[in-house]
Amino acid sequence: MKPSKLILIVISIALLVVLNSAFAQSYNYEEMEMEEYEALLAEWQGRLDAAQVGINEEDNLINDLQSQLDDTQAQIDAEWGEIYAALGSSKAEDDQFIGELDALRNDVSSFLNLSPEEIYSRQDEMQALKDRLNGFKENNLALLTANETKLNNIESMILQAEEKGKPAEPDTYTVMRGDYLWKIASKSEIYSDPYAWSRIYTSNTDQIKDANLIYTDQVFRIPRVVGPNEHLVVRGEFLSKISGYANIYGSPFKWNKIYEANKDVVTDPNVVYPYQVLNIPR
């Protein structure tokens, strides 16, 4: 509703209330002469005319203010046009950029809600979020204060997610004299299961070339959860079965990709063992 109409309604209601009250309380129409009635009518008509003049003045004032507002907005739009031109961009592109930033923020927020184990096991997705963020930072629109603030907020959320996932990162174990993989895996603070020795072995192939030969003071990673692009073999699995999982390749016929990437720990493509950690090339 326009302000002028609102003012008119308010004044009209007020006048009606006053008129009704005045006539109800002060006048006896049965005893009133025609001249008195006409004089009273003229008086109230004059008041209404004066009120209308006041309303017209308010309308003119509102129109003047609206004109000033339109001029100011035009100046603002012109200045923004110059800013976008300097950035080699446009308002439409900025609106799209803001929408993409909001989408990234929602994705990071969802990631931040994951458990530490889930965050650790999905580090490839974490890296993809960081890559998207870095891509946005290279856009000239990132120089705008509002967009820079959004980017800083998103970066802060990513750092929070990384910190949250740290407790799930692999522990370490320093080899002592007399240790061997079977013995290490059987320790209560490790896996409490000697058969899990292959998990230590396949998680440290950069240091262990022979599963029967390890050295004092070597520091091994002791993973508690499966890392990104990894698969922990369980009893009853084989390469084509693993390859057929929806979260792997979704096809049993791609087993050879897993075999080629894990020849250092899988000597026979027909045989894999529980606790082996296989790399899954993407």
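Bear in mind these aren't lab numbers, they're just calculated from the coordinates by the rules spelled out. Computed from a predicted structure; not experimentally measured. Cβ placement follows ideal geometry from the backbone for every residue including glycine, while neighbour counts extend to all protein chains displayed.
Quick notes on this structure:
- Between the amide H of residue 230 and those of 280, distances stay under 5 Å, these residues lying 5 or more places away or on another chain, with hydrogens modeled in the peptide plane.
- Square roots of 5 times each gyration tensor eigenvalue, C-alpha, region 210-259, largest first, Å: 28, 13, 10
- Extension gain for the segment residue 87 to residue 221, taken as residue separation times 0.36 nm less the Cα-Cα distance, is 43.4 nm to one decimal.
- For the residue pairs 209/257; 187/209; 137/257, the C-alpha atoms sit more than 29 angstrom apart in 137/257.
- Over 16 Å [Cα-Cα, region 68-116], rounded percent: 60
- Among the GluC sites (Glu not before Pro) found in region 180-242, those both in a DSSP coil and sparsely packed, with 13 or fewer other Cβ atoms within 10 Å of their Cβ, are 189.
- Convex hull per residue volume in Å³, alpha carbons only, for the chain: 277
- Charges were assigned to the Cβ only: +1 to each Lys and Arg, -1 to each Asp and Glu. The resulting dipole of the chain about its Cα centre is roughly 3440 debye.
- For residue 235 and residue 131, a Förster radius of 41 Å and the Cβ-Cβ distance give a FRET efficiency of 0.65, rounded to the nearest 0.05.
- Longest segment of the chain lacking chymotrypsin sites (Phe, Trp or Tyr not before Pro) that sit in a DSSP loop with at most 12 other Cβ atoms within 10 Å: 30-214
- Unit charges at the beta carbon, dipole of region 91-167: most positive-side option, 161, 106, 141: 161
- Alpha-carbon Rg/Rh ratio, for region 169-279, with Rh computed the Kirkwood way: 0.99
- In region 91-167, the ratio of gyration radius to Kirkwood radius, Rg to Rh, stands at 1.01 when only Cα atoms are counted.
- Centre separation in Å (Cα based) which lies between region 237-281 and region 31-99: 73
- Trypsin sites (Lys or Arg not before Pro) within region 143-192, DSSP loop, no more than 14 other Cβ atoms inside 10 Å: 177, 187
- Across all directions, the average projected area of the convex hull around the alpha carbons of region 70-219 is 12.5 nm².
- Principal-axis analysis of the Cα atoms of the chain puts helix 34-87 at an angle of about 30° to the longest axis.
- Take the convex hull of the alpha carbons in region 114-156; its mean projected area over all directions comes to 3.1 nm².
- Amide H contacts of residue 218 (H built 1.01 Å from N, under 5 Å, at least 5 apart or other chain): 175
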